[in-house]
Structure formats: structure tokens, C-alpha cells
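K.L.:
Have a look at this one.
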Amino acid sequence: MTNEGKRRAFSKEFKEQIVQLHASGKPRGKIIKEYELTPSAFNKWVRQHPKPKNKPNKLESKPYEGTGSSTGGGSDKDTSVSGKNDDKK
């Protein structure tokens, strides 16, 4: 780096452009190298800028589908939870 020891100032627009590049899929390492950024500055910008809401949260996108059935069509096995020492009294 040629500007060692000198603090650089970046505009809000530049920071947003960097964050957008990362959000669009460009690898973090390539962005840092190409724009001669410090990893800590890059991480801070990504943290400070809100994530785009165009993608649903993976956990919220699908409803929970349990494995049990309320129709009673399961196996005849006893699936109740028991302790290790249920035989002993």
C-alpha cells in the first residue's frame, strides 16, 4: 500500500457502492484488493449498511412441516420418551 500511515476519507456513496458490490456476490477479498481497502474498514461498512430486503429470510420463507401425523397412520412402535433406568425401581 502506498498510503501507509495516512488516513483516507471515503464518501457515503463510495461506501454504499462497495457494500452493493459485495451484496451482488463479488468476493470480499477481491473488493478489498481492488480498492485497496483495509479489511476492518470493509467489514465496518458492511455492518453499518442495512441489508437489502429483496430476499426473504430462509427461516421465514417456508412454514414448519412436522414429521408427525395427526391421522394416526404411523407405525405401531412406542415413540414415547423414557429415561435410561425405567426398568429399575
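Read-outs throughout are calculated quantities, based only on the coordinates presented, and are distinct from any laboratory measurement. Predicted model only: the values in this text are computed from it and were never measured. Note that we place each Cβ from the backbone using ideal geometry, even for glycine, and neighbour counts take in every protein chain shown.
K.L.:
Taking the Cβ of each residue in 13, 34 as the centre, tally the other Cβ atoms inside 10 Å and list the residues starting with the fewest.
P.N.:
13, 34
K.L.:
Still on this structure, I have one more. Under 37 °C and 0.692 mPa s, how fast does the stretch 12-51 diffuse according to Stokes-Einstein, given a Kirkwood radius computed over C-alpha pairs? Answer in µm²/s, whole number.
P.N.:
The diffusion coefficient I find is 332 µm²/s.
K.L.:
Here's a follow-up. With a point put 7 Å past each Cα toward its Cβ, work out how far residue 17 is from residue 36 in nm, to one decimal.
P.N.:
1.6 nm
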